[in-house]
Every structure is written in structure tokens, then in C-alpha cells.
Amino acid sequence: MSAPTVMSPNLIRGVANVLDGGRRTALRSWEKNRCDIYHCAERAWRAQGMVVPLTAVIAQLRRVVPEGRILPYQDVEGITRADVAAKFTEAREALLADADALDGPHLMSIGVAQ
């Protein structure tokens with residue numbers, strides 16, 4: 001098993017911002033067959049200027065869906081835009097909680113919202 005990857009404060013801030021944008025996109029546009037979770041993430045990533053790897057954003061989303069499988073999660077019967085948006089929020093909060101556990105005061109000094 002490999003050691004966990006430590007994200008830089010700038011990467012954490014960037015991924016958190018994209019996840020927040022993804023939440024807003026999901027609330028406005030998510031539709032299982034037209035604008036799936038990946039599209040919501042990519043739209044937010046592009047809107048934020050593509051300053052972090054999209055794979056880092058997707059990795060955070062995979063952490064909060066069952067078995068890390070995004071498409072099967074969104075195919076669950078009855079899922080709503082609010083449910084999908086909540087996964088973006090959950091991913092952002094998990095990222096920030098992990099970062100805070102490693103170095104909270106430093107992260108707060110660079111402006112990552114808690």
C-alpha cells in the first residue's frame with residue numbers, strides 16, 4: 001500500500017473551490033442523462049480556470065460515494081439535484097476536515113473557508 005498523497009495548501013484551496021462550484025452547478029443543471037456528476041465537476045473546474053487537476057476533484061467525489069463509483073451512485077432511483085449537490089458539499093467538507101487535521105492554522109491563514 002502506498003503512502004497517502006499530501007496535498008499542498010493551494011491544491012486544497014483550489015479543489016475545495018471547484019467542489020463548491022460543482023455543488024452550485026449540480027443544483028442548477030444536474031440531469032442524469034444530460035449533465036451528470038462528471039459534467040458538473042468539469043463545468044466548475046473550467047469556471048475556476050482549470051488551476052487544479054480535474055483528477056484531484058474527481059478523487060474527492062469518489063471518496064464520498066458508495067464504493068467510489070460515481071455513475072452507479074447517480075443512477076439510483078429517485079436521486080435529485082439536491083442529493084448530487086450534497087455529495088459535492090460532502091466531498092469538500094471531507095477534504096477540508098482532512099486538511100485541518102493535518103495543519104489547521106496554516107490552512108486558515110491561506111483563506112480556505114471552514
Next on the checklist: Once R0 is set to 35 Å, what does the formula 1/(1 + (r/R0)^6) return for the Cβ-Cβ distance between GLU67 and ALA47, expressed as a FRET efficiency to the nearest 0.05?
Outcome noted: 0.75
Checklist entry - Using modelled backbone amide H atoms (1.01 Å from N, in-plane), which distant-in-sequence or interchain residues come within less than 5 Å of GLU31's amide H? => result ASP36
Item to check | ³J(HN,Hα), Karplus 6.51/-1.76/1.60, whole Hz, each residue of region 78-94, x for Gly, Pro | outcome: x, 5, 10, 4, 5, 5, 5, 4, 5, 5, 5, 5, 4, 5, 5, 5, 5
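Test of understanding: ordering ILE12, ILE79 by Cβ neighbours within 10 Å, fewest first, what list do you get? Please list the in-between numbers first.
On the way: ILE12 24, ILE79 14.
Arranged by neighbour count, lowest to highest, ILE12, ILE79 become ILE79, ILE12.
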Checklist outcome for this item: Here, TYR38 and ASP75, labelled 7 Å along Cα→Cβ, have an inter-label distance in nm of 1.3
Checklist entry - Around MET7, what is the net charge, scoring Lys/Arg as +1 and Asp/Glu as -1 over all other residues with Cβ under 10 Å from its Cβ? => result 0
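No value in this document is a laboratory result; all are computed from the given coordinates. Everything quoted here is computed from the prediction, not taken from an experiment. Using ideal geometry, Cβ is built from the backbone for each residue, glycine included, and neighbour counts are taken over all protein chains shown.
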